[in-house]
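Enquirer: The structure's right below; bear with me while I get my questions together.
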Amino acid sequence: MKNIFKQIISDFHESEVKIWKERDINIPLDTKKIISIIWPRRSWKSYLLFNTINKLLKDLIEKTNIVYINFEDERINIDGSELQIIIDAYLELYIDKELENTYFFFDEIQNIIGWEKFVRRLYDNITTNIFITWSNAKLLSKEIATSLRWRSLTFEVLPLSFDEFLRFKDQKINYHSTIWKANILNLQKEYITWWWFPEIINFENDLKIKTLQEYFDVMLYNDIIERYKVKDVSLLKNFVKQLIQTTTKEYSINKIWNNLKSLWFKFDKNILYNFIDYLDTIYFWKSLSKFDYSLSKQTLKKFYIFDNGFLNAISFSFSDNYWKLLENAVFIELYREFWEDVFFLKNGSETDFVINKKENLVYQVCYDLNNENYQREIDGCVDAMDKFKLKKAILISFEQEENIVIDWMSIEVLPFYKWVL
């Protein structure tokens, strides 16, 4: 096994580290903490390691001072008690190296049973320069913090933002260009329809659908069915499809339960609550609570999915539902910045999003503001501004832009691309 690790280490040192498109996530190099990186499958979290390695090389760190191991390599067949072989193999290759100045990058380390003790010992006794990626399918965020005894900083990697999407498309932002303004709406539509996974950006639509369906199957089987020993696979699949239909709406487990019973499924309703927890752990979806100062009254929930592409790949009814796709896109951008501080509001009318922080914020989403929906959307903004004593709200549309003044309040209407960029 030692010779295999020597080969893996040597091959890495002799290979060129590919430079990938930069993400907006900045992985720090000198925190004196173990850096762990997590997020959904296929969001290219591993390539953040390679970009981080390239930053070290630019800082004139010798490549031989960097050890990169991908534990999905089929040649690696050990448990945690044997991981010391990595250190031994490295020192035999580079006998004069000082380990405290060596950087260790461990990709998908959760594949090794008992890895935690080795990493803790490496951190406590040898070097603090440790970077790991891991799949939440096998290890949850709270579990890694416990496993590493709070020695780590965890970075959760979302799929592409719109800014990153444009970067991956090699599209520069130029508000003064007539051609750019004409093109940006097409790119915006593509983004909210197919979204985030870097691999599919330049695929044809048929191939995008097929790829996303395969992503979904892998997430379902590997990350839920295997991890949680789900026995009724058909029930789980039908539950997910039922749940997806409620995207951006308040959802009712009782209603979904009755719908599934009408399909001749027989099961305990509590199983559905378990399914919801499973989907949350793999970053497939997020529930949004109704805002109330009392936690006990935050009972109403709305559902948003972490990738619009799944909406189209799993449920074709969303292909022309651009208002839902836009609202879901806005939610993820708000979640990206504000995390658990995002709520919806029912205060006479309904407001899509309110941010509960020291300075509250109000956001409404309307794909096309017109005579039929104008009063409803404006009332949602006004009621929320009145509740929080705010002077301004933002209404995010697909392409409209104006400023609406009502008494002492103003509503800024912005197209999605201007708001998000």
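The values are calculated or read from the model by the stated rules, or taken from the named source; none is laboratory data. A quick note: this is a predicted structure, and the numbers were derived from the prediction, not measured. Please note: Cβ atoms are built from the backbone with ideal geometry, for glycine as well, and neighbour counts cover all protein chains shown.
Enquirer: If I filter segment 195-209 down to residues being assigned to a helix (DSSP H, G or I) and touching a residue at least 12 places away in the same chain (Cβ under 8 Å), which single residue comes out as nearest to the chain's Cα centre (by Cα)?
Expert: Taking segment 195-209 first, the residues assigned to a helix (DSSP H, G or I) are 198-200, 205-209.
Next cut, touching a residue at least 12 places away in the same chain (Cβ under 8 Å) only: 198-200, 208-209.
Details: PRO198: 12, GLU199: 15, ILE200: 16, LYS208: 19, ILE209: 19 Å.
So the residue we want is PRO198.
Enquirer: Taking the criterion of being in contact (Cβ under 8 Å) with a residue 60 or more places away in the chain and among the basic types (Lys, Arg), would at least one residue in segment 308-327 satisfy it?
Expert: Yes; the residues of segment 308-327 include at least one that is in contact (Cβ under 8 Å) with a residue 60 or more places away in the chain and among the basic types (Lys, Arg).
Enquirer: Let me ask something else about it. Assess whether ASN312 counts as being under 26 Å from GLN242 (Cβ atoms), out of contact with any Cys (no Cβ under 6 Å at 6 or more places or on another chain) and crowded, with 22+ Cβ neighbours inside 10 Å. If you could, list the steps in order and put the result at the bottom.
Expert: Working: under 26 Å from GLN242 (Cβ atoms): yes; out of contact with any Cys (no Cβ under 6 Å at 6 or more places or on another chain): yes; crowded, with 22+ Cβ neighbours inside 10 Å: yes.
Spelling it out, ASN312 is indeed under 26 Å from GLN242 (Cβ atoms), out of contact with any Cys (no Cβ under 6 Å at 6 or more places or on another chain) and crowded, with 22+ Cβ neighbours inside 10 Å.
Enquirer: Under the condition of being over 14 Å from ILE271 (Cα atoms), more than 18 Å from the chain's Cα centre (by Cα) and among the aromatic types (Phe, Trp, Tyr), which residue from segment 210-255 is surrounded by the fewest Cβ atoms within 10 Å (Cβ to Cβ)?
Expert: TYR221
Enquirer: Looking only at segment 335-350, which residues are under 22 Å from ILE305 (Cβ atoms) and touching a residue at least 40 places away in the same chain (Cβ under 8 Å)? I'd like the intermediate steps shown before the answer.
Expert: We begin by selecting, within segment 335-350, every residue under 22 Å from ILE305 (Cβ atoms); these are 335-346, 350.
Selection gives TYR335, ARG336, VAL342, PHE343, PHE344, LEU345, LYS346.
Enquirer: Pull up segment 262-295, narrow it to residues that are among the hydroxyl-bearing types (Ser, Thr, Tyr) and not in a strand (DSSP E or B), then point me to the one that is surrounded by the most Cβ atoms within 10 Å (Cβ to Cβ).
Expert: As a first pass, look at segment 262-295 and keep what is among the hydroxyl-bearing types (Ser, Thr, Tyr): 262, 273, 278, 281, 283, 287, 289, 293-294.
Then keep just the ones that are not in a strand (DSSP E or B); that gives 262, 273, 278, 281, 283, 293-294.
Details: SER262: 8, TYR273: 11, TYR278: 18, THR281: 16, TYR283: 22, TYR293: 7, SER294: 6.
Top of the filtered list is TYR283.
Enquirer: Still on this structure, I have one more. Does segment 348-355 include one or more residues that are in the same structural domain as GLU204 (by TED's automatic domain parsing), part of a loop (DSSP other than H, G, I, E, B) and either surrounded by fewer than 18 Cβ atoms within 10 Å (Cβ to Cβ) or touching a Pro at 6+ places or on another chain (Cβ under 7 Å) (or both)? Explain how you work it out, then say what you get.
Expert: Kept after step one, since they are in the same structural domain as GLU204 (by TED's automatic domain parsing), are these residues of segment 348-355: 348-355.
Pick out the ones that are also part of a loop (DSSP other than H, G, I, E, B) and you get 348.
This time we only want the ones that are either surrounded by fewer than 18 Cβ atoms within 10 Å (Cβ to Cβ) or touching a Pro at 6+ places or on another chain (Cβ under 7 Å) (or both), so: 348.
Checked against the condition, which is being in the same structural domain as GLU204 (by TED's automatic domain parsing), part of a loop (DSSP other than H, G, I, E, B) and either surrounded by fewer than 18 Cβ atoms within 10 Å (Cβ to Cβ) or touching a Pro at 6+ places or on another chain (Cβ under 7 Å) (or both), segment 348-355 yields at least one hit.
Enquirer: Sort through VAL362, VAL330 and tell me the only one that's assigned to a strand (DSSP E or B) and buried (at least 21 other Cβ atoms within 10 Å of the Cβ).
Expert: Details: VAL330 fails: assigned to a strand (DSSP E or B).
Checking each option against the conditions leaves just VAL362.
Enquirer: Suppose we filter SER294, SER287 for residues that are at pLDDT below 80 and closer than 22 Å to PHE344 by Cα; which single one remains? Lay out the reasoning, then the answer.
Expert: Working: SER287 fails: at pLDDT below 80.
Being at pLDDT below 80 and closer than 22 Å to PHE344 by Cα holds for just one of SER294, SER287, which is SER294.
Enquirer: Quick one: would you say VAL119 is part of a strand (DSSP E or B), modelled with pLDDT of 85 or more and either of a type in the set (A, V, I, L, M) or buried (at least 19 other Cβ atoms within 10 Å of the Cβ) (or both)? Steps first, answer last, please.
Expert: On the way: part of a strand (DSSP E or B): no; modelled with pLDDT of 85 or more: yes; either of a type in the set (A, V, I, L, M) or buried (at least 19 other Cβ atoms within 10 Å of the Cβ) (or both): yes.
Considered against the rule, which asks whether it is part of a strand (DSSP E or B), modelled with pLDDT of 85 or more and either of a type in the set (A, V, I, L, M) or buried (at least 19 other Cβ atoms within 10 Å of the Cβ) (or both), VAL119 comes out as no.
Enquirer: Please specify each residue of segment 370-403 satisfying the condition of being in a loop (DSSP other than H, G, I, E, B), within 20 Å of LYS189 (Cα to Cα) and touching a Phe, Trp or Tyr at 6+ places or on another chain (Cβ under 9 Å). Before you say what the answer is, go through the steps one by one.
Expert: So the first thing to find is which residues in segment 370-403 are in a loop (DSSP other than H, G, I, E, B), and the list is 370-373, 389-391, 398-401.
Right, trim to within 20 Å of LYS189 (Cα to Cα) and you get 370, 398-401.
The answer is PHE398, GLU399.
Enquirer: Examine segment 24-33 for a residue that is surrounded by 13 or more Cβ atoms within 10 Å (Cβ to Cβ), hydrophobic (A, V, I, L, M, F, W, C) and out of contact with any Phe, Trp or Tyr (no Cβ under 9 Å at 6 or more places or on another chain), and state whether such a residue exists.
Expert: no
Enquirer: For ASN101, which of the numbered conditions (1) closer than 15 Å to ILE126 by Cα; (2) touching a strand residue (DSSP E or B) at 6+ places or on another chain (Cβ under 6 Å) fails to hold?
Expert: Against the list (1) closer than 15 Å to ILE126 by Cα; (2) touching a strand residue (DSSP E or B) at 6+ places or on another chain (Cβ under 6 Å), ASN101 comes up short only on (2).
Enquirer: Being modelled with pLDDT under 80, assigned to a loop (DSSP other than H, G, I, E, B) and more than 22 Å from the chain's Cα centre (by Cα) is the requirement here; does TRP150 meet it?
Expert: Working: modelled with pLDDT under 80: yes; assigned to a loop (DSSP other than H, G, I, E, B): yes; more than 22 Å from the chain's Cα centre (by Cα): yes.
Yes: the conditions hold for TRP150.
Enquirer: State yes or no: is LEU220 in contact with a strand residue (DSSP E or B) (Cβ under 9 Å, 6 or more places away or on another chain) and of a type in the set (A, V, I, L, M, F, W, C)? Can you show your working first?
Expert: On the way: in contact with a strand residue (DSSP E or B) (Cβ under 9 Å, 6 or more places away or on another chain): no; of a type in the set (A, V, I, L, M, F, W, C): yes.
No.
Enquirer: Residues ILE411, ILE404: which one is out of contact with any Leu (no Cβ under 6 Å at 6 or more places or on another chain) and of a type in the set (Val, Ile, Thr)? Let's see the steps before the verdict.
Expert: On the way: ILE411 fails: out of contact with any Leu (no Cβ under 6 Å at 6 or more places or on another chain).
Answer to the check: ILE404.
Enquirer: Restrict the check to segment 50-71 and report whether at least one residue is over 27 Å from ILE282 (Cα atoms), in a loop (DSSP other than H, G, I, E, B) and in contact (Cβ under 8 Å) with a residue 60 or more places away in the chain.
Expert: Among the residues of segment 50-71, not one is over 27 Å from ILE282 (Cα atoms), in a loop (DSSP other than H, G, I, E, B) and in contact (Cβ under 8 Å) with a residue 60 or more places away in the chain, which makes the answer no.
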